[in-house]
């Protein structure tokens, strides 16, 4: 009986323990997990919502965490009171309940720690975002400053280039006017200044090339004329014709027959190409380039081609003495004195009429001198030589005058008196060169 009673007592105690454990489990569940209503009212803050919180959100999140902690503590207190009551009956179960209380308390504090850790993590993420935003803002500001600087520098460069181009254009116009007035020395200085401001200007390079050619500095003239080509390698038309003339003069001064013929061939090619593009084209002196091509043919002994070119030049410039004077020369060396004297008279009249407008035009003086020599009027020719020496910018142009006179002397019926004229020109050329060397 005692054994059976002990067994029932044991079963009864076990039942009590099970009941109490069930109560503790229910209470533990109520402590460790908020009710659905509370879960809706106080949702657990998530990481995604904390990425971009407002100050109000942060305060509300802190308040919710505090309320949850308070509720957890209240549950713990209730559990402890319940366990104290159980201790009054069963000490062993009290020990077990104490262990459970400790576990439940730990569970509540773990939940608070998680809330605080998540909030701290959100704050750290927010701070990192702020730092990244600050860095990107500074970087963007730096890029904008650099971009603004480049724009400012670009505008300054454009303004500087535009200012230089305007100055170069004004100087170019002035230099061209000085060339028309036959003030070649002033024109050279003006155009060199224009070249300094805008070295790529094709017109400036052309005029400089022409001036150096007239001063008989063919190498320098060709150097500037070569700069008149465009991106496709095509020459400025007038410049190509001027280049042809410079090559022809270089050929004139070449002693090697092969090199002479090579230079003449290059000159002819450039002449033909330039005149093909513009048959009415003229040089800076207002002369047709057909006349310059005629001069090339005359030097090669192709007199028929030379006459054809000069006649074409006469059509382009009917009131210019250059083609007329050369036609007179060609007829003279062919022995056709009748046509020669006719054209020499015309050449002299045109030159005298031109000198009334431009007394400093030494080319017109050269035509008069040549005509006077051909017509046998040597003394008058000497007087004009003295007059022309006062307006010559350099001894170079005298070479052209000498070439014409030497051609007359080698004709079938040369002029009777021209020795003194040739001697005076040679002397004047030496004096001008010596004067130029002393001023350098």
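General remarks:
- Placing R0 at 45 angstrom, the Cβ-Cβ distance between residue 349 and residue 196 gives a FRET efficiency of 0.55 after rounding to 0.05.
- Computing FRET efficiency as 1/(1 + (r/R0)^6) for residue 134 and residue 160, where r is the C-beta to C-beta distance and R0 is 45 Å, gives about 0.70.
- Available extension along the chain between residue 232 and residue 431 is 67.1 nm, counting 0.36 nm per residue and deducting the alpha carbon span.
- Sequence ranges 242-255, 218-231, ranked by mean other-Cβ count within 10 angstrom, highest first: 242-255, 218-231
- Average Cα contact separation per residue, the stretch 319-440, under 8 Å, 6 or more apart, as relative contact order %: 26
- Computing FRET efficiency as 1/(1 + (r/R0)^6) for residue 338 and residue 410, where r is the C-beta to C-beta distance and R0 is 22 Å, gives about 0.65.
- Gyration tensor verdict on the stretch 380-420 (Cα atoms; rounded if a/c is under 1.5, prolate if a/b is larger than b/c, oblate otherwise): oblate
Only the coordinates and a few stated rules stand behind these numbers; no lab work does. Keep in mind the model is a prediction, meaning the values are calculated, not measured. Here the Cβ is made from the backbone with ideal geometry for all residues, glycine too, and neighbour counts use every protein chain on show.
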